[in-house]
Amino acid sequence: MTALGRVMAAAAALTLLAAPAYAQQLNSGASGRYGQVSLRSGFTPDPHNSTVSAGGAYDAAQVGESCRGYIDTRASFTLRYRAGELPLFIGAVSDADTTIVVRAPDGSWHCDDDSGGNLNPVVSWETPRSGRYQVWVGRFGVQSELAAAAVHISEVGGPSQPEQAGEPDYSLDPAYGAIDLAAGFMPDPHSVEVAAGGGFDASAISCAGWIATAPDFRVNWTAGSGELPLTFHVTSEADTTLVINDAQGNWVCNDDTDGLNPVVSFANAPSGQYDVWVGTFMQGELQNSTLHVTEVYAGGEGDEH
């Protein structure tokens, strides 16, 4: 049997669940907390991967006996799909032990734990329907703690655990959004809550800490006179790090400029895209943190570029 066939057979063995009363506690109407995408059969590139945070406080076993792990009450990600003649696979990839719960367009519930191999879950349909697929990515055996993960959507096969790539991937969508800022922006600072950390060892690009593969945040910057620097800094109770791919494609990093908080400052910052990763110095659980973008930073001097 081919690898594709083994995945299909494993996924087909899963229990298809009618919608129980318990599942009504899940917010299946809201779009995914970490984003949504519209795909038509034959889409490229395949697979489509989107970064999410896996886990939550809700016991997925309340959806059905075959469901495992702890999930958020709101879906992690939403797929709007135009079906063709190809099968559909929806899974997750993570360094953590993840699970998946999917509500299909017909209202049926589909769950899995490890069918994708390497502790990765996957569910599949040989003849998928067009419509909205609501995807929850959970954590097995760990309640209310998040882990970095990627939703894997494919018509070719389920996910596998890849070896670490040479660099973080700034082509991926940022997990916590993006913003357009111009010199003199108000209010200053612009702040966003993120979960610091991930499974990528930033030493691969001569930086400190552990980060996600996809960026946490993106700033599309329009420069002004250059009189004020563009500064990124993090506040957290954890020991955090910063990794930034700047508008000229350079990797810029910092660890402990302001106590255990990192700071990176760009003098005369050129216009362009700044992709930002907030890491944890030690590998482990994601840590609640706040990323600040400012032109009037008054703390530690920071690494200036």
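The values are calculated or read from the model by the stated rules, or taken from the named source; none is laboratory data. All values reported here derive from a predicted model rather than from experimental measurement. Note: ideal-geometry Cβ built from the backbone for every residue, glycine included; neighbour counts use all protein chains shown. Heads up: the accessible areas ignore ligands, DNA and RNA and are worked out on the full protein's heavy atoms, side chains in. Shrake-Rupley method; radii C 1.70, N 1.55, O 1.52, S 1.80 Å.
Any idea which residue in segment 182-236 is modelled with the lowest pLDDT, counting only those that are surrounded by 21 or more Cβ atoms within 10 Å (Cβ to Cβ) and at positive phi? So the residue we want is GLY198. When restricted to residues that are of a type outside the set (A, V, I, L, M, F, W, C), farther than 16 Å from ILE211 by Cβ and either open to solvent by 70 Å² or more (accessible area, probe 1.4 Å) or at pLDDT below 90 (or both), segment 285-305 contains 8. Close contacts from segment 51-78, counting a first residue that is in contact (Cβ under 8 Å) with a residue 24 or more places away in the chain and a second that is open to solvent by 10 Å² or more (accessible area, probe 1.4 Å) and in a helix (DSSP H, G or I), with Cβ to Cβ under 6 Å and a gap of 6+ residues or different chains, come to GLN62/TYR22; CYS67/ALA61.
Checking each residue in segment 216-232 for being touching a residue at least 12 places away in the same chain (Cβ under 8 Å) and farther than 11 Å from VAL276 by Cβ picks out ASN220, TRP221, THR222, ALA223, GLY224, SER225, GLY226, LEU228, PRO229, LEU230, THR231. Once segment 84-98 is narrowed to residues that are more than 23 Å from ALA214 (Cα to Cα) and not in a strand (DSSP E or B), the residue that is farthest from the chain's Cα centre (by Cα) is GLU85. If the condition is being touching a Cys at 6+ places or on another chain (Cβ under 9 Å), part of a strand (DSSP E or B) and open to solvent by less than 50 Å² (accessible area, probe 1.4 Å), then segment 237-279 contributes THR241, LEU242, VAL243, ILE244, VAL252, CYS253, ASN254, VAL264, TRP277, GLY279.
If you filter segment 241-258 down to residues that are over 16 Å from VAL293 (Cα atoms) and out of contact with any helix residue (DSSP H, G or I) (no Cβ under 6 Å at 6 or more places or on another chain), you find that the one that is modelled with the lowest pLDDT is ASP256. Pick from segment 66-116 the residues that are farther than 19 Å from LEU146 by Cβ and among the charged types (D, E, K, R): which of them is most open to solvent (accessible area, probe 1.4 Å)? Ranking the qualifying residues of segment 66-116, first place goes to GLU85.
The lone criterion from (1) buried (at least 17 other Cβ atoms within 10 Å of the Cβ); (2) of a type in the set (A, V, I, L, M); (3) under 21 Å from SER38 (Cα atoms) left unmet by VAL156 is number (1).
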